[in-house]
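Take a look at the structure below.
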Amino acid sequence: MTTLPERRAPETRAEVTMPSTTDILITRDFAAPPALVYRAWTTPDLVRRWWSADMGQTTHAEIDLRVGGRWRYVMVTAGGQEVGFHGVYREIVPETRLVATEIYEGMPDSEGALNTVTFAPHGNGTRLTILVQHAAQADRDAHLHSGMETGMQKTLAWLDDVALSLA
């Protein structure tokens, strides 16, 4: 497992809001500029360094970064459970915006979600926003109650570290 230095309590936390009955909006500021956060988000070797944070080991990070291209991430938790997600890119604006589907492989019959990720300049760094759009409120609520926020906070803190290491 690739490890980063032990983290202090995060100085920046992601804010999670629900702008509608089917959507989740995640907003977090990063010290690194958009080009570096985007690079860390879209480069398989870099994704392996941050995606599972300290919750397991990322064993697979596949990114075919083109419209219609597929992505897939898999990790094995400390307890030995395999957790995978995959999707298809629908829109790519380099260093600015990604739109992709997301399916949790533990629920393969689910419609999944549509994620819009933006990398906007903010001061000397980046404001990352992730709009997660579900087809139904029950899907959004299941996502929220899955424990996603704890893992997401850790993962984005590690993403911050990886992006800064590229400077």
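Before moving on, here are some points about what is shown:
- Global geometry of segment 32-86, whether rounded, prolate or oblate, following the gyration tensor of its Cα atoms and the 1.5 cut on a/c: oblate
- Solvent-accessible area per residue in segment 89-141 equals 53 Å², computed with a 1.4 angstrom probe and all protein chains kept.
- Percent accessible area from carbon and sulfur atoms, the chain, protein chains only, probe 1.4 Å: 51 percent
- Zone residues, segment 30-51, relative to Val93, backbone N less than 20 Å from point 7 Å out along Cα-to-Cβ: 30, 33-43
- Helix-only [θ]222 nm of the chain, DSSP H runs n ≥ 4, -39500 (n - 2.57) each, per residue, nearest 500: -7500 deg cm²/dmol
- Charge dipole (the chain, unit charges on Cβ, about Cα centre) - positive-most of Val162, Tyr104, Val83: Val162
- Evaluating 6.51 cos²θ - 1.76 cosθ + 1.60 at θ = phi - 60° for every residue in segment 60-76, the Karplus couplings come out as 8, 9, 10, 9, 10, 7, 7, 4, x, x, 9, 10, 7, 10, 9, 10, 10 Hz, glycine and proline recorded as x.
- Qualifying trypsin sites (Lys or Arg not before Pro) in segment 28-93, where qualification requires a DSSP coil assignment and no more than 16 other C-beta atoms within 10 Å, comprise Arg66.
- Put the Cα centre of segment 29-90 next to the Cα centre of segment 112-167 and the gap is 12 Å.
- Ranked packing of 125-131, 111-117, most packed first, by mean Cβ within 10 Å: 125-131, 111-117
- Positive-pole candidate from Ala14, Gly125, Pro44, dipole of the chain, charges at beta carbon: Gly125
- When the square roots of the Cα gyration tensor eigenvalues are ordered a ≥ b ≥ c, the ratio a/c for the chain is under 1.5, which makes its shape rounded.
- Spacing of the modelled spin labels on Gln137 and Thr21, each 7 Å from Cα toward Cβ, amounts to 0.4 nm.
The values are calculated or read from the model by the stated rules, or taken from the named source; none is laboratory data. Quick caveat, the model's predicted, so the values are computed rather than measured. Every residue, glycine as well, gets a Cβ built from its backbone with ideal geometry; the counts of neighbours run over all protein chains shown. Areas reflect the complete protein model, heavy atoms only, side chains present, ligands, DNA and RNA absent. Shrake-Rupley method; radii C 1.70, N 1.55, O 1.52, S 1.80 Å.
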